[in-house]
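The block underneath contains the structure these notes are about, expressed in structure tokens.
FYI, it's all coordinate maths here, none of it is from the lab. What you see is a predicted model; the values in this text were computed from it and never measured. Positions of Cβ are backbone-derived with ideal geometry, glycine not excepted, and every protein chain shown enters the neighbour counts.
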């Protein structure tokens, strides 16, 4: 009987031909892949990386929009950073931003987005389309319009909310400015999380859920043991993007203008006030750099958290 | 059985709350433009309404007439369409090519690169970047040019678009492309015949996302386009104020409604035609 | 097959948009043979902010000026570049333009920006840009010295003033009558304002006094609040290069804020915190909920104007009274005055980057000629122009503006046109916000002093 | 004409995992050839390397006499059916079938005609304008086959072509596929992890383990004479009895019983040698009463296989299985005797067939 096991002396030498043979699905190969990415990277290099580096540099100067420092900005090294770190207003803004991101992005948008996706996961038909349509509407309407809608909703005297609750004169934006912008931003941004989780849940094999249910798992246990492992990658993408976006979201300015008395002055608004209203572009650039570093820490934290956790 | 009924009740209660939450703020937008003297109060526009305080107001088309007569309002919507369509087309095209290559071919350092670009994009979309971007546009002679604005906006949106699209493509099975490849299709044919149709919902979603972003962007168009005849609706919206900074609610509410209609139509079109999804997992 | 068509369609769309965009990108520029092309910009836009002046430029100034030039044998084309956004954004854009050697040939700026723009080199003395004719302009003789000062920095004229304004106390005569106060009320001290407020309060007026406070109102707090009061306490925010710190004058001002917002019920502290609080104060005044309101003449012209105001009062002329802002006590105001006010005003100048500075100045001077100003203020659009000759004529039927022009302007003061003023202004707003929120005036003043030192570069720049 | 020949084919993944270890294999023209093995054995990698979707690290792939090792997949003149069929969801059935022709720039009319012709042959007429999502699993599979047929390639490669079908359909499809291949006469290599499928369909097959081919042969050869204990254990719907044995003269001592040395090993064993004795349950004669050269023990389990029963005997402390025709199944707990067929019993020394 013929033995077909491989002869041990067959030389497995590197075949040169194999190298120019691309093994990705479409046979792109590295050269073509590089060509595919080149236009995007070129545009990003010119219109994103270059100005971003410029901002980093401006952060080291006293550059101002007007005045003598506009004509001849001084290089001051890390002075702006030191100033920011000693400025209580900066720290107040930072904590408010953390509150804003945790409240509206992580809890609000992720929580509500996932809840809606979960509720509607096996549904079809008009109800699903209606809910999804409204949620997405809140997301795509221009912010100039949306901010007016919310001012009208929360208005002290003639706002819809107070009329419904029967508490005319309740100043939401004054007494609960953070709550207001957190709820607002939840309303505004839930669509992204909802769509992402909707698609992700569609990829969880129903058999896994059924077997968990048969094993007597509670709803929460099903989520944790079956659903979460499947959608972990999506959770990471989602958290990264919405945290980044929320961190840099300027829209709260249009509701509260950072007020009252700076009690809703998140970092993006703080930077606007510094850079545009006061014209301190150097200091504003330094603040932007600090925000970048905070974002970096947040991103690394998410990556660690979701990579390590099984 | 009781549990089932309670579950149903709970489900509909939750859905009702969600619906109310997302509908409530929109009421003003659909009522105020039709009322004679809009305030922040939501009043039902009725012919002959507004005399008592029963939550009604006199119905009128006057606000729409005023917007139509406004010299820049309607042209600005056309400008918005040009800018957002141009940006969305460029973003989708470049991001799709890059995301596909990054998804299918292991280029060194691709993940780190994407994260870095994503972080940098947050700087560029912030207010502190106005000077570098403006100066850059001046140096490249792109001031007052729609093309320049489109390029700058595209640069800011591309990293997130690539990031999202790569995620989408990562979750698309590779066997379709391999199959086409075995049949002899070239990489470009594969992209055209197979990949683009397969990820079309993702492309459409990114396009909508890009349009929505550009549609609402005020600062960059305002700074980079000085010719009012090129300025988009976002800029015009901000001019509907008086000398002392009071909102002209008559114009604002009405223009806000008109300003919202195109994006809503686009969403409806896209969701009907392509489905509106952020993630792969091809339906068979 | 179907998909092929679709992808071709997509490519076609991309190509078309690309072409359209590049075509649009090239359409600017393109000078006609020999014609001088001028551009003029204002923060005004037809159908929006400051629509009347935008329309005046487009429909009268440009055709008339072009025709006049043609008559002189010159081919000049003028283009108006409207804007119409927040002043800060307009300023940002203008700064970026000027910094890059761009921008319209004739530009409008707020008087308060003159110093910082000059320091940055964005604008230059007119004599340098256009030559001697700038100093010999016929209009200068008609413009009061104080108003000329608005356009002057470091002793040099950088622009022509477009106009000025003044701040007064408005009051609701109907409410006053109910409270037993006279229709020709003119308080002589702060105490008299408070007394009137107390009477209004006991007659049931919800908000007896509205003097802007807090950061939400922005510059309106400083200009229609702190600075007129500070002037009444005998201090200017900056004098002879030194800034006013937490001296007695500021403490007095903050003390008045405390008397109004610190629980007396004379003012509504919450209103000061609202993002749109100033709009609301206008609405409430128009609705008869506010008794006394400190505002500029814009309030009369643009807010409660029965014709097209944002908070129309059909009975404005009968129902709205106005009075000079008193010093803290008679004689205690700046320059020993009994009454005080603050003024601002816009400037119009020639862009140093202009390719045709002479023609640009002609256009600039034309817009401020007596004819142009008379034309501009026709049809109910009356304001206080910089020219005495014009004011005499157009203000005749306008009691308030006559009052401003004749009674207020002689008393008034201006803000220092320097780059860090906006930051000082914010510090003042924060001090009033603190007091309205319950902080004792002395504490708020001390906090302000500390902040001021950081802004102006040490205690050495602060008057002790 | 289109034989497939692999010479020293090696595939090492970047991580250092060797998926194929210097394989040699010839599949003659027109043969229906199965690659069988447990998951992870390299069979799919081998198929993909033949297709060109994976680049060989070493060795050569020769198709129809042409060395195609460095050639792009599309130029190898092979066609492949994927496990998930990879039907393009955005094209209708006709377009899917005609896709290979579209690549070859066949005019639209001609390729629709060809698609209709092939579709009709596979019973797909009436479904030509449906989308894949609207088809049943069996229909999808036939579309995938039709698409492959439309290529007129020199060789077909099927990756687990039946695994996405339910059990009943799978049997039908098995027969159908075999018949189709016979009619077309195109060299076909298919991958499966199901030994029954391989036995049923293939002309010849290779059994793979960990990147090596452990045996090549016809299904009968592989079933009757597994070349090693791995193949012996892997092939067969009931696994072969593999029992420790010691040579005692011309008999073997297995679990305390004596059985004759199998015919194939006669004269090749040494007295006292320890070996593995292998016999399939199907090749056992079972009786209730004592028999010569039998493995005797107590009936532990009786399993119904339909027309027969699988009886597990406890012989000493080892379990021995035998297949018993229906009607003769013993009761659990009774004594049983299984007599291996001498011409079918095998002996393995160090895992290899003697």
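Report, in whole Å, the centroid distance computed from the Cα atoms of region D:287-335 and region C:293-350.
Answer, in whole Å: 113.
Calculate how many DSSP beta bridges within the protein assembly as shown are antiparallel, expressed in % of all such bridges and rounded to the nearest 5.
Antiparallel bridges make up about 70 percent of those DSSP assigns within the protein assembly as shown.
Over chain D, what is the relative contact order in percent, taking alpha-carbon pairs closer than 8 angstrom and at least six residues apart?
Contact order relative to length: 15 percent.
Could you work out how far helix C:2-26 tilts from the main Cα principal axis of chain C, as a 0 to 90 degree angle to the nearest 10?
80
Could you work out how far the C-alpha centroid of region A:76-139 sits from that of region C:75-149, in angstrom?
The two parts, judged by their Cα centres, are 43 Å apart.
Using a Gaussian network for chain A with springs between C-alpha atoms less than 10 Å apart, which of these wobbles most: A:156, A:129, A:32?
A:32
Counting DSSP beta bridges with both partners in region D:4-234, what percentage is antiparallel, nearest 5?
About 50 percent, rounded to the nearest 5.
Remind me, relative contact order of chain A in percent, using alpha carbon pairs under 8 angstrom and six or more residues apart?
Result for chain A is 26 percent.
Run the simple label-point estimate for residue D:319 and residue D:221 please: 7 Å along Cα→C-beta, distance reported in nm.
That separation, rounded to one decimal, is 3.3 nm.
Would you list B:179, D:39, C:100, B:103 from fewest to most Cβ contacts within 10 Å?
Ranked by crowding around the Cβ, least crowded first: D:39, C:100, B:103, B:179.
Give me the inter-chain shielding for A:270-277: mean count of other chain Cβ atoms within 10 Å, whole number please.
Details: counts 0, 3, 5, 4, 3, 7, 9, 11.
Counting Cβ atoms of other protein chains within 10 Å of each residue's Cβ and averaging gives 5.
Could the peptides B:188-196, C:107-115 be put in order, highest first, of the mean number of other beta-carbon atoms found within 10 Å of their residues?
By packing density, highest mean first, the sequence is C:107-115, B:188-196.
Using the beta-carbon distance between residue C:358 and residue C:396 and R0 = 56 Å, what value does 1/(1 + (r/R0)^6) give for FRET efficiency, to the nearest 0.05?
0.95
Using Cβ counts within 10 Å as a stand-in for footprinting exposure, how do A:132, D:273 rank, fewest first?
D:273, A:132
Output the relative contact order of chain C, whole-number percent, from Cα pairs under 8 angstrom with separation of 6+ residues.
Once divided by the residue count of chain C, the mean separation gives 23 percent.
Which shape class, rounded, prolate or oblate, goes with chain C when its Cα gyration tensor gives a ≥ b ≥ c as root eigenvalues, a/c under 1.5 marks rounded, and past that a/b bigger than b/c marks prolate?
prolate
Per residue of A:116-126, what is the mean number of Cβ atoms on other protein chains within 10 angstrom of that residue's Cβ?
The shielding value for this peptide is 1.
For residue A:215 and residue A:300, FRET efficiency with R0 = 35 Å and r from the beta-carbon atoms, rounded to 0.05? Don't skip to the answer; put the middle values down first.
Details: r = 36 Å, r/R0 = 1.03.
Once rounded, the FRET efficiency stands at 0.45.
Where a ≥ b ≥ c are the square roots of the eigenvalues of the C-alpha gyration tensor, would you call the protein assembly as shown rounded, which needs a/c under 1.5, or, failing that, prolate if a/b is larger than b/c, or oblate?
Since a/c reaches 1.5 and a/b is larger than b/c, the shape of the protein assembly as shown is classed as prolate.
By how many degrees, 0 to 90 and rounded to 10, does the Cα axis of helix C:421-436 deviate from the longest principal axis of chain C?
40
Once each part is reduced to its C-alpha centroid, what is the distance from region B:96-118 to region C:178-216 in angstrom?
67
Just to be sure I understand the model, the point goes 7 Å from the Cα along the line to the Cβ. What's the resulting residue A:107 to residue C:154 distance in nm?
Rounded to a tenth, the inter-label distance reads 5.5 nm.
Sorted by mean Cβ packing within 10 Å, highest first, what order do the peptides C:176-184, B:140-148 take?
B:140-148, C:176-184
Let me make sure I get this right: for chain B, a, b and c are the square roots of the gyration tensor eigenvalues over alpha carbons, sorted descending. Under 1.5 in a/c it's rounded, otherwise prolate if a/b > b/c, else oblate. Which is it?
oblate
Counting only other chains, and only Cβ atoms inside 10 Å, what mean value do you get across the residues of B:141-150?
That works out to 5 on average.
Given a 10 angstrom Cα cut-off, can you work out which residue in A:24, A:225, A:175 is the most mobile in a GNM of chain A?
A:24
Measure off 7 Å from each Cα along the Cα-to-Cβ vector at residue A:158 and residue D:238, then give the distance between these two points in nanometres to one decimal.
The answer from the label model is 8.9 nm.
How would you order B:250-263, D:281-294 from highest to lowest mean count of nearby Cβ atoms within 10 Å?
B:250-263, D:281-294
What FRET efficiency comes out for the pair residue D:104/residue A:31, r = Cβ-Cβ distance, R0 = 25 Å, nearest 0.05?
Working: r = 26 Å, r/R0 = 1.02.
The value I calculate is 0.45.
Using a Gaussian network model of chain D with C-alpha springs under 10 Å, which one of D:184, D:252, D:242 is most mobile by mean-square fluctuation?
Of the options given, D:184 has the highest mean-square fluctuation.
If each DSSP helix of 4+ residues adds -39,500 (n - 2.57) and the sum is divided by the residues in the protein assembly as shown, what number results at 222 nm, nearest 500 deg cm²/dmol?
Here the helix-only value at 222 nm equals -14000 deg cm²/dmol.
Please express the Cα-Cα pair-distance distribution P(r) of region A:147-278 as a list of whole percents, one per 10 Å bin, running from 0 to the bin with the greatest distance.
11, 29, 23, 20, 14, 3, 0
For chain C, find the longest principal axis of its Cα atoms and tell me its angle to the long axis of helix C:87-99, 0 to 90°, nearest 10.
So the helix axis and the longest Cα principal axis differ by about 40 degrees.
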